[in-house]
Amino acid sequence: MSNPPTTGKLEAELQVREAMLPAKLRDWRAKLSTKAKQEKRFRFYSLYGLVGDPETLRAAWMQVRANGGAPGVDGVSIEQIEKEGVEAFLLELGSELAQKRYGTGAVRRVYIPKGNGKLRPLGIPNLRDRVVQTAVVLILEPIFESDFLDCSYGFRPGRSAHDALEVIRQNLVNGRCTVYDADMEGCFDSIPHDKLIACVRMRVVDGSVLRLIKQWLRAPVEEKDENGRPRRRRNDKGTPQGGVVSPLLANIYLHWFDRVFYAKAGPARWAKAVLVRYADDFVILTREVEGKLRKFVEEKIEVWLGLRINREKTRLINLREPGQRLDFLGYSFRLDRDRCGRKLRYWNMCPSTQAIARERERLRRMINKSRCFQPLPNLIQELNRHLKAWSNYFRPGYSRDAFRQINSYVRLRLALHLRQHSQRPWRPAQGTSKCVHLDQLGLIYL
């Protein structure tokens, strides 16, 4: 399995993240990681005290505060806790944990639009639950990180989507051009609780920690009905997407698919296949996909793990064939000829058509009629922050054409904004143009 080393930037960020933790917590995490690496079958049985320690809770609060986010069902915000006193809040939370009085609150269900027009359900826990979940992640993460395989990239410290994309590019260059592009349907909401707890118990047998996880898994979900009235329902499966602990739990569960894939009897051996997984999105690259490989994947995902594969979105792609492309994590890979039309080569990864369409829609919402009275310099500052973040993600690939499209679209939308900004049509000063005027106000070019 070919994987690139962790990039220097991510390594530096990881070191900074660890340095921000209290020295005692850093020492605990290092010891847990070392023990887990040395003894692969060891089960940790005394972790609850570390979770409820004041140093762990304080570090968890700092991470929750840095991430921000909306209040949960109880309506308590970060600003409200800071106003009433963070130390008193953490002291009360630590006391509840120590006396086993802590109980999770309901999860607020919200829906955000997806690129395909559908809605993605998110669960927003209360702030106190987010702090305790972060504390559990701080203690459990070094244990399970020692077990996770290199083929997993999503929601892991020191790893990024760019690492996963680079592995795909390298394998395409090496001739693994046949791709099994799978889509798991509602993975986070479908994970069976009993099987997930069994996976956690492979490493953690502390009953108090397991009870915390079970509480979060079974926490009631509150959402509004068609009349705007709140209603609650109990969770019987899944780990709410949006919870702090959910990404780690999903990786713990899907890690067992990684394990069987790279086992002695797995496709990595008999099909020379490579798995690249980013959370619940994964692709398998090989020189030739056989029916045996597809049967193996579907059996392990659907029968063994109890999840669902979306047959409509799952494809077998041979990138050697004209017009075929692989879309993954917002990028497209395809085989193309050079400018002279002679030699076949792999294009560098470039933003996918769907990614560009999503960005145009986001920009349309940012520059619309309802905001025409917003001062132009303020709007440009907001646009610059967004465009820098978007371009930073797509800069590693061949993105020149996509950047050109976005630059043109932004200036077109801003020209309409200027026209609607007042009752009189806006005109640039003599000798300048709208584009020059926008450049003078600091609008960036990608």
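Things to note:
- Single condition residue 240 does not satisfy, out of (1) within 23 Å of residue 93 (Cα to Cα); (2) free of Cβ contacts under 8 Å to residues at least 60 places away in the same chain: (2)
Condition check ((1) more than 25 Å from residue 108 (Cα to Cα); (2) modelled with pLDDT under 95; (3) surrounded by 12 or more Cβ atoms within 10 Å (Cβ to Cβ)) across all residues:
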{"site": "36", "(1), (2), (3)": "yes, no, yes"}
{"site": "41", "(1), (2), (3)": "yes, yes, no"}
{"site": "49", "(1), (2), (3)": "yes, no, yes"}
{"site": "69", "(1), (2), (3)": "no, yes, yes"}
{"site": "74", "(1), (2), (3)": "no, yes, yes"}
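- Segments classed as helices (runs of 4 or more DSSP H), wholly inside the range 140-232, with at least 1 members that are open to solvent by less than 40 Å² (accessible area, probe 1.4 Å) and farther than 26 Å from residue 109 by Cα: 161-173, 193-201, 207-218
- Any hit, the range 266-285, residues being open to solvent by 10 Å² or more (accessible area, probe 1.4 Å), at pLDDT below 90 and closer than 29 Å to residue 403 by Cβ: no
- Members of the range 120-139 found to be under 15 Å from residue 212 (Cβ atoms), under 19 Å from the mean Cα position of the chain (by Cα) and not in a helix (DSSP H, G or I), listed by number: 125
- Filter result (at pLDDT 90 or above and touching a Gly at 6+ places or on another chain (Cβ under 8 Å)) within the range 354-389: 354, 355, 357, 358, 381, 384
- Meets criteria (surrounded by fewer than 16 Cβ atoms within 10 Å (Cβ to Cβ) and either on the phi > 0 side of the Ramachandran plot or touching a residue at least 40 places away in the same chain (Cβ under 8 Å) (or both)) for residue 60: no
- Pairs, first part of a loop (DSSP other than H, G, I, E, B) in the range 92-112, second among the aromatic types (Phe, Trp, Tyr) and open to solvent by less than 40 Å² (accessible area, probe 1.4 Å), C-beta under 7 Å, six or more apart: 104/216
- Selected residue [open to solvent by less than 10 Å² (accessible area, probe 1.4 Å), of a type in the set (Asp, Glu) and under 26 Å from residue 303 (Cα atoms)] from 236, 258: 258
- Taking residues in the range 131-158 that are on the phi > 0 side of the Ramachandran plot, and partners anywhere that are open to solvent by 10 Å² or more (accessible area, probe 1.4 Å) and part of a helix (DSSP H, G or I), the pairs with Cβ atoms closer than 6 Å and at least 6 places apart or on different chains are 155/247; 158/10; 158/14.
- Yes/no for residue 100 being open to solvent by 70 Å² or more (accessible area, probe 1.4 Å), over 18 Å from residue 213 (Cα atoms) and touching a Ser or Thr at 6+ places or on another chain (Cβ under 9 Å): no
- Among the numbered conditions (1) surrounded by 20 or more Cβ atoms within 10 Å (Cβ to Cβ); (2) touching a strand residue (DSSP E or B) at 6+ places or on another chain (Cβ under 6 Å), the only one that residue 241 does not meet is (1).
- All of 63, 15 fail the test of being of a type in the set (S, T, N, Q) and modelled with pLDDT of 90 or more, apart from 63.
- Against the numbered list (1) closer than 25 Å to residue 89 by Cα; (2) of a type outside the set (A, V, I, L, M, F, W, C); (3) open to solvent by 10 Å² or more (accessible area, probe 1.4 Å), residue 129 comes up short only at (3).
- Residues of the range 288-328 satisfying the condition of being in contact (Cβ under 8 Å) with a residue 24 or more places away in the chain, aliphatic (A, V, I, L, M) and open to solvent by 40 Å² or more (accessible area, probe 1.4 Å): 316
- Checking residue 193 against (1) over 30 Å from residue 57 (Cβ atoms); (2) of a type outside the set (Lys, Arg); (3) in contact with a helix residue (DSSP H, G or I) (Cβ under 8 Å, 6 or more places away or on another chain), the condition it does not meet: (1)
- Of all residues assigned to the range 425-433, none qualifies as being open to solvent by less than 60 Å² (accessible area, probe 1.4 Å), at pLDDT 80 or above and not small (Gly, Ala, Ser).
The values are calculated or read from the model by the stated rules, or taken from the named source; none is laboratory data. The structure presented is a predicted model; accordingly, all values stated were derived computationally and were not measured. Reconstructed Cβ throughout: ideal geometry from the backbone, glycine too, with neighbour counts over all protein chains shown. Ligands, DNA and RNA are stripped out before the accessible areas are found, and what is left, the full protein with its side chains, is counted by its heavy atoms. Shrake-Rupley method; radii C 1.70, N 1.55, O 1.52, S 1.80 Å.
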